[in-house]
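Chemist: Encoded as structure tokens, here's the structure I'll be asking about.
The values are calculated or read from the model by the stated rules, or taken from the named source; none is laboratory data. Note that the structure is predicted; figures quoted are calculated from it, not measured. FYI the Cβ positions are ideal-geometry reconstructions off the backbone, even for glycines, and counts take in every protein chain you see.
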Amino acid sequence: MKSKKSDIVFLGALLMVAHLMMACSSNALLTDIQTKVGAAKSGPSVTEFGITSPVVASGTVSGTSITVAVPYGTKVTALVATFTVTTGDSVKVGSTVQVSGITANDFTNPVTYTVTTASGSTQTYVVTVVFTYSVTYNGNGSTGGRVPVDSASPYLFGATVTVLGNIGGLVNIGYLFNGWNTAANGSGTSYATGAHFTMGTSNITLYAQWTNSAGGTTTVSTPGTYTVTIGGGTTLQYSTSATFTSTYTGTATSYQWYLNGAAVSGATASSLTITPTYGLWAYGPNLITLLVTDADGLVYSGGLAVTVTN
């Protein structure tokens, strides 16, 4: 016959085993609950989005809105997107399954992506593609220096653009730098250094404008519409006559020749015959310039650097 003490020990051991089994079961249940809650909290999500073809552009994810900026002129009717979602999630646009880096879509209008988890929960993301617009500078006949490069370009529509100065030291023989214009011949909108304008919906090129140093207050349209080319020898001698000819691509109504910034009296034809003399001509470098007034009312100019020796 077993003793009461043995029964008590056996009962205690049994209770301990039962307690351990319940604890393990509770921990497993808690872990399962935490896993499911964590999954519910994270839900379906897009963590990265971009365009990989025909251009490469990174998107900005803000909540359930995604914006991707591509250069103006990009064909947006067949852009291939690349995206990152939680492992196991599926992505569709309408009824079409999306494969990152493979599937193309038309982004002419915003596109809605639907992300679905393995458990069936969904989240939609609206992707909008916008254009960026460039601002570039053109030396417009410059003979040296470098055009400025706008480090803030490209810009989004509505952004404020600050016009750069002649920071690259552009030069043009016989001319003085006189700001920028949206047209090569100066017929567009003029901008001085430090001016501001609002970015529109097209790329902008700003052309250097040049005032002819021989023309005083005369505003000379820079090369672009018509050009003036001077022909003749570039090495002259004192007291020896020289002839210079001109070729003009527009319709000239008048001519005026200049020597080192001063008008040559009576030199109002398309060609110039002149004899270098002491006093008027410097020994060494000299500049011959021709201003041509066109039928359009604008003035165009060409220059030729010559050297005078004994």
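Chemist: Would it be correct to say that residue 266 is small (Gly, Ala, Ser) and under 12 Å from residue 303 (Cα atoms)?
Modeler: Considered against the rule, which asks whether it is small (Gly, Ala, Ser) and under 12 Å from residue 303 (Cα atoms), residue 266 comes out as no.
Chemist: Further, regarding this structure: Looking at region 231-250 only, could you name the residues that are of a type in the set (Phe, Trp, Tyr), assigned to a loop (DSSP other than H, G, I, E, B) and surrounded by 16 or more Cβ atoms within 10 Å (Cβ to Cβ)?
Modeler: If the condition is that a residue be of a type in the set (Phe, Trp, Tyr), assigned to a loop (DSSP other than H, G, I, E, B) and surrounded by 16 or more Cβ atoms within 10 Å (Cβ to Cβ), then no residue fits.
Chemist: Let me ask another. Can you pull out the residues in region 273-288 that are among the aliphatic types (A, V, I, L, M) and surrounded by fewer than 17 Cβ atoms within 10 Å (Cβ to Cβ)?
Modeler: Within region 273-288, 280, 282 meet the criteria.
Chemist: So, one more: Can you tell me which residue among 224, 215 is part of a loop (DSSP other than H, G, I, E, B), under 29 Å from the mean Cα position of the chain (by Cα) and either modelled with pLDDT under 90 or within 20 Å of residue 272 (Cα to Cα) (or both)?
Modeler: 224
Chemist: Could you run through region 68-87 and say how many residues are under 15 Å from the mean Cα position of the chain (by Cα) and surrounded by fewer than 20 Cβ atoms within 10 Å (Cβ to Cβ)?
Modeler: Result for region 68-87: 5.
Chemist: Based on this model, can you work out whether residue 306 counts as over 24 Å from residue 183 (Cα atoms), in a strand (DSSP E or B), within 42 Å of the chain's Cα centre (by Cα) and not charged (D, E, K, R)?
Modeler: In short, yes.
Here is a yes/no grid of residues against (1) modelled with pLDDT under 95; (2) not in a strand (DSSP E or B):
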residue: 17; (1), (2): yes, yes
residue: 22; (1), (2): yes, yes
residue: 35; (1), (2): yes, yes
residue: 41; (1), (2): yes, yes
residue: 44; (1), (2): yes, yes
residue: 48; (1), (2): no, no
residue: 69; (1), (2): no, no
residue: 77; (1), (2): no, yes
residue: 102; (1), (2): no, yes
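Chemist: Still on this model: Going through region 184-206 one residue at a time, which ones are under 30 Å from residue 262 (Cβ atoms) and either aliphatic (A, V, I, L, M) or surrounded by fewer than 20 Cβ atoms within 10 Å (Cβ to Cβ) (or both)?
Modeler: Once the filter is applied, which keeps residues that are under 30 Å from residue 262 (Cβ atoms) and either aliphatic (A, V, I, L, M) or surrounded by fewer than 20 Cβ atoms within 10 Å (Cβ to Cβ) (or both), region 184-206 yields 184, 185, 187, 190, 192, 193.
Chemist: Take region 111-121 and flag every residue that is closer than 17 Å to residue 66 by Cα and either of a type in the set (Val, Ile, Thr) or outside the structural domain of residue 60 (by TED's automatic domain parsing) (or both).
Modeler: If the condition is that a residue be closer than 17 Å to residue 66 by Cα and either of a type in the set (Val, Ile, Thr) or outside the structural domain of residue 60 (by TED's automatic domain parsing) (or both), then 111, 112, 114, 115 are the ones that fit.
Chemist: May I pose another question? Within region 252-291, take every residue that is assigned to a strand (DSSP E or B) and among the hydroxyl-bearing types (Ser, Thr, Tyr) and give me the one that is nearest to residue 238 (Cα to Cα).
Modeler: Once the filter is applied, the top-ranked residue is 278.
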